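Please treat every number below as a calculation from the coordinates, not as lab data. These numbers were taken from a predicted model, which means no experiment stands behind them. Please note: Cβ atoms are built from the backbone with ideal geometry, for glycine as well, and neighbour counts cover all protein chains shown.
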Amino acid sequence: MSDEFSRLVRSRRMVRAFRRDPIDRATLARIVDLASRSPSAGKTQGWHLVVLEGDETERFWGTTMGDETRERFRWKHLLDAPVIALSFADPQAYLDRYSASDKSRTGLGDSLAAWPAPYWTIDASFATMTMLLAAHDEGLGALFFGVFNGEQQLRDDLRVPTHLQLIGAVALGYERLPDATERDDAAFSRGVSAGLPRLSTDDIVHYGGW
Ligand SMILES: Cc1cc2nc3c(=O)[nH]c(=O)nc-3n(C[C@H](O)[C@H](O)[C@H](O)COP(=O)(O)O)c2cc1C
C-alpha cells in the first residue's frame, strides 16, 4: 500500500468549521472528475450533484434549519462553508441501463423491487466517498451530513427532478482553525461519534464464515 494513499485515508476527518473563502470551479471539477471514476453497477453512473455556492448556500440553510435551531447550533462555522453539494442517486437510470440488451436477461430493468440491494444508493455513496477523499487531497475540508428537515421544499426550490433520491449533503471549503481565544469554543469541537473507538480488523472480518 502506498504511503500517500494510507496517509490520505488516515488523516481524513469530517470538518465542521469553514472559512468563507470560495472554492474555484476548476478545483471542484477535479474533485468531481475523480469521484466520477468510482465503480457503478453496469457503469450506470446514476449520480448527480446540485451545487450551491457562496450566498446560494443560504437557500439550503434557510430551508433545512429553523431560526431557533440555528441560534443554538454548535458548529456555527459549518454555515460558512462556501459550497454545499447535494448528492443525488438516480434509480431510474438503473432501470434504463438494466433494460439494455446486455443486461435485460437480469430482469432488473423491470422494477426497483427486483434489486437485491439499492445499487443506485450504493453507487452514489461510493462516488460521494471518493469526493470526500479527493477534497481532502486538494487541501479542502468536507462534511457529509444528512438532510433531516425541509427536503421537499428544498427540492422544489432547486427544481430537482422528483425521481432522484437525496443521499445527503456535502459541505466543502477550507477548514477554519481556532485562534488562541477560540480553542475551547464548541464550534471547533469534533462530533461525539468521531470519538468512539474504531473497530479492529478482527471485529470486522469473519474468516470462513460468521
Ligand atoms: C451516512 C453518514 C451520515 C452522517 N451524518 C452526519 C450528520 O448528519 N451530521 C454530522 O455532523 N456528521 C454526520 N456524519 C459524520 C460522522 O459522524 C463521522 O463520519 C463519524 O463520526 C466518523 O468521523 P470522521 O469521519 O471524522 O472520521 C455522517 C457520516 C455518514 C457516513
_With both bridge residues required to lie in the chain, what share of the DSSP beta bridges run antiparallel, to the nearest 5%?_
95 percent
*What order do you get for 183-193, 93-103 when each peptide is scored by the mean count of other beta carbon atoms within 10 Å, highest first?*
93-103, 183-193
*Is any helix in the chain, taking whole DSSP H runs, at least 20 angstrom long along its axis by alpha carbon and on average at least 0.5 on the Kyte-Doolittle scale, and which ones?*
119-137
_What Kirkwood Rh does the range 12-204 have if only Cα atoms enter the pairwise 1/r average? Answer in Å._
18.2 Å
_Additional length obtainable on full extension of the chain from Arg13 to Asp184, 0.36 nm per residue less Cα span_ = 59.7 nm
*Which of these, Gly141, Gly195, Gly150, has the largest mean-square fluctuation under a Gaussian network model of the chain (Cα springs below 10 Å)?*
Gly195
*Given springs between every Cα pair under 10 Å in a Gaussian network model of the chain, which of Asp67, Asp156, Asp179 has the largest fluctuation?*
Asp179
